[in-house]
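Reading through the structure tokens given below for one structure.
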Amino acid sequence: MELFGVMGYPISHSLSPDMHNAAFRHEKRDAVYVPLKVKHDELEIALAGARALGFRGLNVTVPYKEEVIPYLDILSAEASLIKAVNTISIKDGKLTGHNTDCLGFVEALTTHLPDSLGGKRCLIIGAGGASRAVVMGLAIHKAALTIANRTLSKAEALAKDVAQVTTFAPQVCLLDTPEFAQIVKHSEIIINTTSLGMTPQQDLSPVPVDLLSPHHFVVDIIYNPLKTKLISDAEAKGCQTQSGLDMLINQGAQAWNIWFGESGPRDVMKAAVLAALIRQPDEAI
Ligand code: ATR
């Protein structure tokens with residue numbers, strides 16, 4: 001049997017095991033995918049353990065998408081550009097890091113918002129590993145970017161990395177400041193890439209509701225709960241919205257390309273995630 005898993009902390013919110021196991025069953029693969037809760041000081045040993053146990057592939061989630069890089073043997077071109085890894089393949093004892101979040105995000109956004117992203121004023125909230133994939137994806141499409149983060153230095157570092165691969169540098173700002181409020185008002189697309197609002201912090205949102213208005217297209221990359229406080233507030237204010245569901249499915253289907261050389265069955269994966277969300281207690285949805 002082939003072994004796969006997702007490493008993160010916390011990990012109980014992750015629906016990747018439901019998504020991939022349903023796809024394995026559907027495709028009749030002799031494989032299993034497990035949640036792997038890894039403590040902060042045990043990431044390196046956990047990766048060595050996965051290698052020793054014969055795991056064939058892994059996903060990496062909050063908060064390890066950047067932290068994992070020093071422990072890998074090889075980085076794909078897109079992962080080294082983004083400087084974040086969400087998918088690992090293990091072959092001949094070597095761990096190779098990839099990033100399928102970037103393509104997964106852009107595919108999801110352009111499905112919901114068919115207009116060109118060129119010049120669109122986008123506010124990305126967060127500057128962690130998930131944000132890096134989102135920001136690079138938008139930068140490649142020449143969107144006009146502002147990165148807002150709780151820790152300004154991380155937003156600055158990300159903006160600098162983007163400036164090295166595109167012709168412009170994103171603006172940066174601190175969360176929860178008058179400048180942030182102004183930028184929210186003037187943005188066309190707002191994307192939350194932080195864990196604010198994710199189970200079990202469902203009551204939190206990075207954007208005060210009174211700053212939202214109908215001209216905003218609001219994206220939350222969180223998929224658990226499907227309707228975060230940010231998405232509910234945005235709907236109540238008449239905004240168009242997009243949850244993290246499609247990005248989850250897209251990045252998972254793309255991970256199959258890396259592990260098996262063929263895309264995962266998206267319809268099966270989506271149905272499994274929706275069924276798992278419905279099975280959860282009401283307050284988690
Ligand atoms: P991931 O790899 O999934 O992106 P991460 O690298 O830990 O996870 O990044 C988490 C992001 O959420 C960061 O931008 C973090 O802000 P800091 O850079 O200041 O740490 C943001 N974040 C997490 N909890 C937050 C909170 N309570 N308030 C504001 N931002 C938060």
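Every number in this text was worked out from the coordinates using simple rules, so none of it is lab data. Owing to the predicted nature of the structure, the values given are computational and were not obtained by experimental measurement. Reconstructed Cβ throughout: ideal geometry from the backbone, glycine too, with neighbour counts over all protein chains shown.
What to note about this one:
- Fewest-first sequence of S131, S116, S14 by Cβ atoms within 10 Å of each Cβ: S116, S14, S131
- Estimated inter-spin distance, A52 and T151, nm [label 7 Å along Cα→Cβ]: 3.0 nm
- The chain - mean residue ellipticity at 222 nm from DSSP helices (-39,500 (n - 2.57) per run, n ≥ 4, rounded to 500): -12000 deg cm²/dmol
- Karplus-based coupling profile of the stretch 114-129, in residue order and whole Hz: x, 4, 5, 7, x, x, 5, 7, 10, 10, 9, 9, x, 9, x, x, with θ = phi - 60° in 6.51 cos²θ - 1.76 cosθ + 1.60 and x standing for Gly or Pro.
- Environment charge of L3, counting only residues whose C-beta is closer than 15 Å and scoring Lys/Arg +1, Asp/Glu -1: +2
- Integer Hz, Karplus 6.51/-1.76/1.60 couplings in order for the stretch 242-249, x for Gly and Pro: 8, 8, x, 4, 5, 5, 4, 5
- Between the stretch 164-237 and the stretch 130-144, the Cα center-to-center distance that results, in Å: 15 Å
- By the beta-carbon count within 10 Å of each Cβ, the least crowded to most crowded order of C239, C102, fewest first, is C239, C102.
- Residue exposure sequence - K160, K120, K39 - by fewest surrounding Cβ within 10 Å: K39, K160, K120
- Separation of the alpha carbons by more than 25 angstrom is noted, of K185/K270; K37/K160; K37/K83; K120/K154, for K185/K270; K37/K160.
- Degrees separating the helix 16-26 axis from the principal Cα axis of the chain, which is the longest one: 50 degrees
- Shape summary: the chain maps onto an equivalent ellipsoid whose semi-axes, from the alpha-carbon gyration tensor, are 30, 21, 17 Å in decreasing order.
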